[in-house]
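See below for the structure under consideration.
Derivation of every value follows stated rules applied to the coordinates shown; laboratory data play no part. Only a predicted model underlies this, so the values are computations on that prediction, with no experimental measurement involved. In this analysis, Cβ positions are derived from the backbone assuming ideal geometry, glycine residues included, and neighbour counts consider all displayed protein chains.
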Amino acid sequence: MKRIALVLAGLIALTLPARADVSIEEVSSDNGHVAWLVHEPALPFTALEIRFRGGTVLDRPGKRGAVNLMVGLLEEGAGDMDAQGFAQAREALAASFGFDAGEDSLGISAQFLSENRDQAVDLLHQALTAPRFEDTALERVRTQVLSHLSSRATDPKSLAGDAFDAAAYGDHPYGTYDGGTVDSVTALTREDIVAAYHDTLVLDGIYVAAVGDITADQLGALMDQLFEGLPKTGAALPDHAEFGLLGGTTVVPFDTPQSVAIFGHSGIKREDPDFFAAYLVNTIMGGPSSLSRLMKEVRNKRGLTYGIGSYLVPADWAESVIGQFSSQNAVIGEAMEVVRDEWAKIARDGITQKELTAAQTYLTGSYPLRFDGNGNIANIMVGMQLEGLPIDYIATRNDQVMAVTLEHANRVASELYDPDALHFIVVGQPEGVVSN
Amino acid sequence: MRFILAGVLALGLGVGSPATAKGDVSSFTLENGLEVVVVEDHRAPVVVHMLWYRAGAADEAPGVSGIAHFLEHLLFKKTKNFEAGELSRVVAENGGSDNAFTSQDYTAYFQRVAADRLGLMMEMEADRVRNLVLSEDDIATERDVILEERAQRTDSEPGALFREQMNAAAFLNHPYGIPVIGWRHEMENLSREDALAFYERFYAPNNAILVVAGDVKPDEVLELAKTYYGPLAPTPDLGARERVQEPPQLAERRLRFADPRVSQPYVLRTYQAPERDSGDQAEAAALVYLAEILGGNGATSVLGRALQFDEQIAVYAGAGYRSVSLDDTSFTLIVVPAPDVALKDAEAALDREISEFLEAGIDPEQFERVKFQIRADDVYAQDDVYARAERYGSALTSGLTVEDVQAWPDALQAVTAEDVMEAARALFDERKAVTGWLVPEDGEEM
């Protein structure tokens, strides 16, 4: 029963923990594939992370859910194996393959033992380059997706997220749920799935990271084996999405004892020079509970929710500041007022030097602690590549956090947080809350 | 594609005893009875510091359900030496993270910090073993928080309400039938006195296990533990951990839970099952295989192949077994029917497949694959220091020893197909089953 921990802000000057001691090597293969590698031979396995830029945003018009369904079918039969044959082969190698259809990228996460690495890579190669997309598999996975979609239709968190996205992004792919609708998924054909495959699984925009018991030479050979036969280019990437939601409140009636609220407005790009200042300010607004104004005001002082947070969401084609919480119907109106007040206060008065120092100490101290475990490190490295960060970023990142001054942070706070633009989507039976 | 129904199957001052070490794990006991386990992993300069109490929801007195978990929240309030929230604040200032969790069998508190901050963590954690100071204000506000927590995690989730009812049906007498979060009507009345009574009864060094995992040396941990935890006085009359036990189950129990928020109905079946016992883990090891063979991977397991592939009866069929528990645990089966399949027919198909499995036995190739996978999982598991620490903490608060944890991989590799079938025959007794249907309003009648 995980709890979200408490508390008040304050400050003690402390020395910072050690810098992350991660040495990343860039590996180029004979065929020109590039990867970032951390050689860590302590355990006899490798964690491999692959990303293809352009995920479910590449669904073709009218084909919402095609990319998601296609990704669900990659392990459902490849080469001369049907779904059961593929699963048996993977199980026999004790390899694990994860296929994830993200909005901005497709993700493949693999872990395999050193003792049978070549066989595991060969198997994954077949899934990437020779998926069968058989009708029986298509129908089986389609039924699973439809079951998932029907469950979402009565889940207040899903309803809130969908309503927010629709109002904010309209016709852009970000405006609709990327698993699709019952109608769109029902109508998908095998041709649509094959088209989604050709649109997305391509070498242009591929990123690779590996951590574990593998050398640079071995990783180069692995990539040449794994990506042999993938085409160079796919679909064009989408346009930027405009955030179209104005300030206000939208109530979505739903019979449940506790309402769910999602709130937010437009945000800041990852590559913006003000990003770190914004990141620090948001850490104080809605980050870890001991630093967070929202946790302090809504949970700790008033007991109005179990947990509340706010997040910068710098996606590839839109950026926003989003928050979420749940409160019982009788008190959610009060909780919303507290959030609005905090939003106005940080925009008007900014943060204090004490808060800024606490957030800087937290962010710089926690950063080295992230690099723990092969799987975690591989994930971070592939994420850095997707964000376009340099290979030496890890060594400079904390300096960028420390370089933010109070003046800078408060200018960004006043620009970023806009109480008049803040919109709440509330799903439930909130007492005394009306749409406007 | 994996189809997951969220959460359905988750399910002194000196050294009192000589240190023992096997591989990268060491253990010792302080004179005041605190057990210490150290797991070394020097790949990253990080440490996980956990204090586990042998006290969970199933140790609560009647009428105060949820008090173990409520107290867990309250431990982040004021103590004699630190302000409310100071521990979490100091952890964050050091770049770390902290939290706590409560189960039926244990309550645990942890921090994850840079390895050189271990002493600071110990100082603050040791303080709240004995020095909690609770005000009536803390009680009133934090009780609202746990009621919001119940609203969010249970009352808003028909699947969670359903499992709560399933659990209540499975236990007539044993406290495992009472939810960890508590029954709402009892939570509303939890008092300062209730919290302090639980605290004084159970929070003591001789009722706790300290687990430290990461970039540390056992002798350093021992010195720090002696400094910070050593001065805590043990509770002399702790007593044995005895709970009321369940009578033999003589008849299947069936229930149907209807809720308008349900879109996807399903059938859940649980059987009373033995847990891992100290020195006797063979049957539990066989049940781990049984769950994997029957319902691990949808494309290779017995239920998945039959119900998702050979016939399109189910969108998902699975099995689950939680081997670590102080008292008897349960083995779970689930079938999520395909759109036009009635729950009655889905349940009949499940029963048929279990019967056929008991007749036909295990495919030897599948058995070997599962065995290899279980061995490999042990390698992959070494990558996660937090999970390694958790494994020791949960085991040691659930009646197992460090030796049992270290013997577990071998116990798993020693399992034969015949062991699995024997465990299956003992398990699948209809009289020891609880069967539940989760349906929408006006859904199928049982």
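Each Lys or Arg adds one and each Asp or Glu subtracts one; over the other residues with Cβ under 11 Å from the Cβ of residue A:91, this totals 0. Distance between the C-alpha centres of segment B:344-370 and segment A:227-295: 46 Å, rounded to the whole angstrom. From its DSSP helices (H runs of at least four residues, each -39,500 (n - 2.57)), chain A gives a residue-normalised ellipticity at 222 nm of -12000 deg cm²/dmol.
Do the sum for chain B: with -39,500 (n - 2.57) for every DSSP H run of n ≥ 4, divided by all residues, what is the mean residue ellipticity at 222 nm, to the nearest 500 deg cm²/dmol?
Values: 14 runs with 168 residues, N = 446.
After summing the helix terms and dividing by the residues of chain B, the value is -11500 deg cm²/dmol.
The angle separating the long axis of helix A:275-286 from the principal Cα axis of greatest extent in chain A is about 60 degrees. Using only the alpha-carbon atoms of segment B:20-228 as identical scatterers, what base-10 log of I(q)/I(0) does the Debye formula give at q = 0.07, 0.13, 0.15 Å⁻¹? One equal scatterer on each Cα of segment B:20-228 leads to -0.23, -0.77, -0.98.
Here chain B is assigned +1 on the Cβ of each Lys and Arg and -1 on the Cβ of each Asp and Glu. Its dipole about the Cα centre then comes out at about 420 debye. For residue B:344, the lysines whose Cα comes closer than 29 Å to its Cα, not counting residues fewer than 8 places off in the same chain, are B:432. Oblate is the label for segment B:97-139, because a/c, from the alpha-carbon gyration tensor with a ≥ b ≥ c as root eigenvalues, is 1.5 or above and a/b does not exceed b/c. Which residue, chosen from B:151, B:82, B:114, occupies the Cα position most advanced towards the positive end of the dipole of segment B:80-153, where the dipole is computed from +1 (Lys, Arg) and -1 (Asp, Glu) charges on Cβ about the Cα centre? Value: B:114. Give me the one-decimal nm value for the distance between modelled label points at residue B:201 and residue A:334, 7 Å along each residue's Cα-to-Cβ direction. Placing both labels 7 Å beyond Cα along the Cβ direction yields 3.2 nm. Take every Cα pair under 8 Å whose residues are at least 6 apart in sequence, average their separation, divide by the length of chain A, and the relative contact order is 24 percent.
How large, in Å, is chain B by the Kirkwood hydrodynamic radius built from its alpha-carbon pairs?
Working: mean 1/r = 0.0427 Å⁻¹.
For chain B, the Kirkwood estimate is 23.4 Å.
Distance from the C-alpha centroid of segment B:371-422 to that of segment A:105-152: 28 Å, rounded to the whole angstrom.
Report the net charge of residues surrounding residue B:188, where surrounding means a beta-carbon distance below 14 angstrom and charges are Lys +1, Arg +1, Asp -1, Glu -1.
On the way: positive: B:143, B:150, B:184; negative: B:142, B:144, B:148, B:149, B:155, B:186, B:194.
So the environment of residue B:188 carries a net charge of -4.
For the residue pairs A:269/A:345; B:80/B:217; A:157/A:345; A:157/A:301; B:77/B:217; A:301/B:77, the alpha carbons lie more than 21 Å apart in A:269/A:345; B:80/B:217; A:157/A:345; A:157/A:301; B:77/B:217.
In a reduced charge model with +1 at each Lys and Arg Cβ and -1 at each Asp and Glu Cβ, segment B:20-228 shows a dipole moment near 260 debye about its Cα centre.
Over segment A:248-428, what is the mean sequence separation of C-alpha contacts under 8 Å (at least six apart), divided by residue count, expressed as relative contact order in percent?
Values: 278 pairs, mean separation 71.1, N = 181.
Relative contact order comes out at 39 percent.
With q set to 0.08, 0.12, 0.17, 0.19 Å⁻¹, the log10 of I(q)/I(0) for segment B:253-439, from the Debye formula over equal scatterers at the Cα positions, is -0.28, -0.62, -1.13, -1.30. When the inverse distances between all different Cα atoms of chain A are averaged and flipped, the Kirkwood radius reads 23.7 angstrom. Toward the positive end of the charge dipole of segment B:221-305, with +1 on the Cβ of Lys and Arg and -1 on the Cβ of Asp and Glu, the farthest Cα among B:250, B:295, B:267 is that of B:267.
Does the protein assembly as shown come out rounded, prolate or oblate, given a ≥ b ≥ c as the square roots of the eigenvalues of its C-alpha gyration tensor, rounded meaning a/c under 1.5 and, failing that, prolate meaning a/b above b/c?
Taking the square roots of the gyration eigenvalues as a ≥ b ≥ c, the protein assembly as shown is rounded.
Annotation: amide H of residue A:310 within the under-5 Å range of A:286, A:287, sequence separation 5 or more or interchain, hydrogens built in the peptide plane. Measuring between their Cα centroids, segment B:135-207 and segment A:185-216 lie 46 Å from each other.
Against the main long axis of the alpha-carbon atoms of chain A, helix A:216-227 sits at an angle near 80°.
Any idea what the dipole of segment B:344-412 comes to, in debye rounded to 20, about its Cα centre with Lys/Arg Cβ at +1 and Asp/Glu Cβ at -1? Each step should come with its number before you reach the end.
Working: 7 positive and 17 negative charges, 50 e Å.
In total the dipole reaches around 240 debye.
Ordered by the number of other Cβ atoms lying within 10 Å of each residue's own Cβ, fewest first, A:219, B:172 fall into the sequence B:172, A:219.
For the peptides A:391-400, B:294-303, A:53-62, the ranking by packing is B:294-303, A:53-62, A:391-400, with the highest mean count of neighbouring Cβ atoms within 10 Å listed first. What does the net charge come to around residue B:124 if you take all other residues with beta carbon closer than 10 Å to its beta carbon, with K and R at +1 and D and E at -1? Its environment carries a net charge of -4.
For segment B:253-439, the relative contact order is 38 percent, taking Cα pairs closer than 8 Å that sit 6 or more residues apart in sequence and dividing their mean separation by the residue count. Among the GluC sites (Glu not before Pro) within segment A:331-434, those in coil by DSSP and having at most 13 neighbouring Cβ atoms inside 10 Å are A:387, A:431.
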